[in-house]
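Asker: Below is one structure. I have some questions about it.
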Amino acid sequence: MDKRAQKRDVQDIIDRILDEAQRKSSSHFSDAVYREEPLIVTGRQMARYLPDEYRAMRRVSRWEEGADGRRGHWLSESELFYRQALLMADFEDDYPRQGSFRASTPTYSAMSDRQLRGYFTWRAAVRRGEVREAPAAFAFLYVYELLCGIGADTPDDGFRKLSDFRESARPFARGLDSHMDTWLLDYVVY
C-alpha cells in the first residue's frame with residue numbers, strides 16, 4: 001500500500017471516530033452541556049509537539065534595547081543562557097531522550113528541540129536524586145545552571161548540589177571533574 005493510500009485510510013478512521021462522537025453528543029442523544037471530545041492526532045503530530053515553555057525560551061532575544069533611548073547591545077552567550085535559565089528554572093519535561101549532544105560549551109541555544117526536551121527530562125530526574133548516564137554536555141549544562149544559582153535555594157544548597165553532582169556524574173562526565181575544583185572554589189569566594 002502506498003503512502004497516500006495509508007494517509008487516506010488513517011484520515012478515514014479519524015473522520016469516522018469524530019462523526020461517531022458527534023452523533024453520540026448531539027442534542028438528540030444527550031442533554032449534557034459539556035461533553036468529552038476525542039483529541040485525535042497522528043504519531044507524526046505528537047513527535048513534533050513542543051511545550052510552550054520552549055517557544056518562550058527561544059524568544060528570549062540576544063538584542064537588548066537600551067533604557068531611556070540609549071543604544072542597545074547584543075547579549076553575550078553567557079547572558080542569554082542566564083536569562084533563558086531563569087525562565088526555565090522550574091520547568092520539567094517528560095520526554096524519552098534520543099540521540100546525543102556534544103558541545104565544548106553547551107547552552108540551550110546550541111540544542112535542538114529534541115535535545116532540549118531530553119535535557120529537561122534528565123534534569124528533572126537529577127533534581128529528584130536520580131542521576132542517570134547522559135551526554136557529558138548535559139552534566140556541564142546542569143553545573144552551569146547551579147553556578148548561576150538556578151536550582152539551588154541558597155548558596156549553601158548550591159555548593160552541596162555541585163559537590164554531590166560531581167560525585168554522581170564522574171562515571172559519564174569525565175571532563176567535568178577537571179573543572180570542578182576551580183568552579184567550587186570560585187563559587188565559595190563569590
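The values are calculated or read from the model by the stated rules, or taken from the named source; none is laboratory data. No experiment lies behind these values; they were computed from the predicted model shown. Cβ: placed from backbone, ideal geometry, glycine included. Neighbour counts: every protein chain shown. The accessibility values were calculated without ligands, DNA or RNA, using every heavy atom of the protein model including side chains. Shrake-Rupley method; radii C 1.70, N 1.55, O 1.52, S 1.80 Å.
Asker: Can you give the FRET efficiency to the nearest 0.05 for Glu167 and Ser78, using r as the Cβ-Cβ distance and R₀ = 22 Å?
Answerer: Here the calculated transfer efficiency is 0.25.
Asker: How much length, in nm to one decimal, is gained on full extension between Asp68 and Phe91, taken as 0.36 nm per residue of separation minus their Cα-Cα distance?
Answerer: Length gained, Asp68 through Phe91: 5.0 nm.
Asker: Also, I was wondering about something else. Need one word for region 69-172: rounded, prolate or oblate. Basis is the Cα gyration tensor (sqrt eigenvalues a ≥ b ≥ c); a/c below 1.5 gives rounded, then a/b vs b/c decides.
Answerer: oblate
Asker: Ok, one more. Please give the contour-minus-distance gain from Arg8 to Ser104: 0.36 nm per residue of separation, less the Cα-Cα distance, rounded to one decimal in nm.
Answerer: Stretched fully, the Arg8-Ser104 segment lengthens by 29.9 nm.
Asker: At Asp52 and His179, where each label point lies 7 Å from the Cα along Cα→Cβ, what is the point-to-point distance in nanometres?
Answerer: Roughly 3.4 nm, to one decimal.
Asker: Whole angstrom only: what separates the Cα centroid of region 146-190 from the Cα centroid of region 89-138?
Answerer: 17 Å
Asker: With every protein chain kept in place and ligands, DNA and RNA left out, what is the accessible area per residue of region 70-190? Probe 1.4 Å, answer in Å².
Answerer: Solvent-accessible surface per residue comes out at 56 Å².
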